[in-house]
Amino acid sequence: MITRRDYLKQASLAGCCLAVSGMRMFAAEPDADISGKGSLKEHGQKRGIMAGCAVGARQLHDEAFQRLIAEQYDLVVSENSMKFGPLSPKPGEYNWTDADALVDFAEKHKMKVRGHNFVWHSQLPVWFKTTANKDNAKKIMVDHINTVAGHFKGKIQSWDVVNEAIKVDDDMPDGLRKSPWYELIGPEYLDIAYHTARKADPKAKLTYNEYGIENDSEDDSKKRAATLALLKRFKQNGTPIDALGIQSHIHASTGETYGKGMRELISGAQDLGLEVYLTEFDVNDDGVAEDDPAARDRAVAAVYTDYLNIALENKAVKAVLTWGVSDKDTWLNGMREHGKKHPNRRERPLPFDNDLKPVAPFYALRDAFDKAPHR
Ligand code: G3I
């Protein structure tokens, strides 16, 4: 863990705040007190940017966690409990317990709520595969959106109506992913989903949420072009859409760069009249200083600074949400359990450590809010 003392020591040792991987600067010294005026949400609010986090159902039972998120954030999103699979154990049946708990918590603490998500190729109900077919898939989708949007009507700041609909490698027209929805309904599933959502909860902003679209690589460039083209078609067809969600799952050591691509993406969405949210921000630290947690925190913080400074320079970006809060609960640890990642250590992609203490990425995020122009 990098404490405030480590952070200050590091900053003074490095003369003018030298971080890893080049001359990245931490803009300001961290405050002793991160509550009240020192919190992420207060720093975000000064610039008109919402500070948010994804919350897992289990975490919400922990009182220290509850205190921390109520203090730091003004926007929450459920990590899993509003998805189709977790919500619907049987056709037409819904279990609202976990999702309602988060919405109630948010209401109590005057936080806004993002809804994630209605239509995705993943985390579908177990029954979907054996029940959905070309005759009933449209009804299943529309009924699902009406049921869930109706249940939370008026309580949701924005809904991810469709999540991850583009996959250029699938070689389908317009770069669309060959998802079950595409295969069963056809490409019009997208427009139907947005129209249905608008009618069901007219006050919620409707978002298209996607990953792998903002860096300067050829793959991201192709996916970015397909995403912007999709959003443009929505606008031309009168399909209701209010915002682009850039998931922002990025890496500290793979050498991906952000600049031209990110600016092109955000200004492209802005030109279409859309807001932009960074919806699932985290920095995977695979390949960084295996045995040195402080070095890993510095590396992750440096990437926070680079990425967020570029994204937040555009006033269309109205929210930054991290995908989780602490390294105890990040989904990236779950990936490791499935044998895909390092077996011996936790990931450290988030603003707080295992003990819910702020680490270098916290200060980098707060500094990035301070550096952003007011919107
Ligand atoms: O709910 C079961 C639980 O009953 C069981 O005991 C446990 C045993 O492993 O599994 C639980 O389900 C897991 C669920 O997370 C809740 O922990 C699933 O196996 C696991 O696949 C699921 O992973 C989620 C993943 O989406 C699914 O694709 C992650 O938590 C969640 O962070 C991740 O979030 C996605 C966004 O929705 C979209 N963008 C990418 C992002 C990261 O993959």
Mind putting a number on the dipole of region 27-95 about its Cα centre? Charges go on the C-beta only, +1 for Lys and Arg and -1 for Asp and Glu, and I need it in Debye to the nearest 20.
-> 300
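Work out, step by step, the length gained on full extension between Lys46 and Glu188: first 0.36 nm times the residue separation, then minus their alpha carbon distance; give nm to one decimal.
Numbers: separation 142, 0.36 × 142 = 51.12 nm, distance 4.07 nm.
Working it through step by step, the gained length comes to 47.1 nm.
How much FRET efficiency would the formula 1/(1 + (r/R0)^6) give for Lys203 and Asp291, where r is the Cβ-Cβ distance and R0 is 41 Å, rounded to 0.05? Don't jump to the answer; show the numbers that get you there.
Numbers: r = 50 Å, r/R0 = 1.22.
Plugging the Cβ-Cβ distance into 1/(1 + (r/R0)^6) gives 0.25.
For the chain, what's the relative contact order in percent, using C-alpha pairs closer than 8 Å and at least 6 residues apart? Display every interim value, and only then the final one.
Details: 733 pairs, mean separation 70.5, N = 375.
RCO, the chain: 19 percent.
Divide by every residue of the chain the summed helix terms, -39500 (n - 2.57) for each DSSP H run of at least 4, and state the resulting mean residue ellipticity at 222 nm, rounded to the nearest 500 deg cm²/dmol.
Numbers: 14 runs with 152 residues, N = 375.
Using -39500 (n - 2.57) per qualifying helix, the result is -12000 deg cm²/dmol.
Could you give the dipole magnitude of the chain about its Cα centre, charging the beta-carbon of Lys and Arg +1 and that of Asp and Glu -1, in debye to the nearest 20?
Numbers: 52 positive and 56 negative charges, 187 e Å.
Once rounded to the nearest 20, the dipole reads 900 debye.
How many Å² of accessible area per residue for the chain, probe 1.4 Å?
Numbers: 15860 Å² over 375 residues.
Each residue of the chain exposes 42 Å² on average to a 1.4 Å probe.
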Percent of all Cα-Cα pairs per 10 Å bin for region 7-371, counting from 0 up to the last occupied bin, reads 5, 25, 34, 25, 9, 2, 0
Between their Cα atoms, which of Lys46/Lys155; Lys41/Lys328; Lys153/Lys199 are more than 20 Å away from each other?
-> Lys46/Lys155; Lys41/Lys328
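Could you work out how much longer the chain between Asp271 and Lys178 gets when fully extended? Use 0.36 nm per residue separation minus the Cα distance between them, nm to one decimal.
Details: separation 93, 0.36 × 93 = 33.48 nm, distance 2.82 nm.
Net length gain for the segment: 30.7 nm.
Considering only DSSP beta bridges with both partners in the chain, what is the antiparallel share in %, to the nearest 5?
Details: 2 of 38 bridges.
If I count the DSSP bridges inside the chain, around 5 percent turn out antiparallel.
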Inter-site label distance for Lys139 and His109 at 7 Å from Cα along Cβ, in nm = 4.2
Return a single number: how many Lys pairs in region 202-260, at a sequence separation of 8 or more or on separate chains, have alpha-carbon atoms below 25 angstrom apart.
-> 13
Between Thr254 and Lys90, what is the label-to-label distance in nm when each label sits 7 Å out along the Cα-to-Cβ direction?
-> 4.2
Quick one: with all protein chains in place, what share of the accessible area of region 7-371 is carbon or sulfur, to the nearest percent (1.4 Å probe)?
-> 50
Given 16 as the ceiling on other Cβ atoms within 10 Å, longest exposed-site-free region of the chain for chymotrypsin sites (Phe, Trp or Tyr not before Pro) in DSSP loops | 128-375
How about region 50-102: which GluC sites (Glu not before Pro) there are in a DSSP loop, with at most 13 other Cβ atoms within 10 Å of their Cβ?
-> Glu93
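Using a Förster distance of 30 angstrom, determine the FRET efficiency expected from the C-beta separation of His374 and Gln66, and round it to 0.05.
Working: r = 30 Å, r/R0 = 1.02.
Computed FRET efficiency for His374 and Gln66 comes out at 0.50.
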What distance in nm separates the simple spin-label points at Lys222 and Ser122, each placed 7 Å from Cα in the Cβ direction?
-> 2.0
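The values are calculated or read from the model by the stated rules, or taken from the named source; none is laboratory data. In this text the structure is predicted, and so the values were computed from the model without any measurement. Glycine gets a Cβ as well: all are built from the backbone with ideal geometry, and neighbour counts include every protein chain shown. Quick note on the areas: whole protein, heavy atoms, side chains included, nothing else; ligands and nucleic acids left out. Shrake-Rupley method; radii C 1.70, N 1.55, O 1.52, S 1.80 Å.
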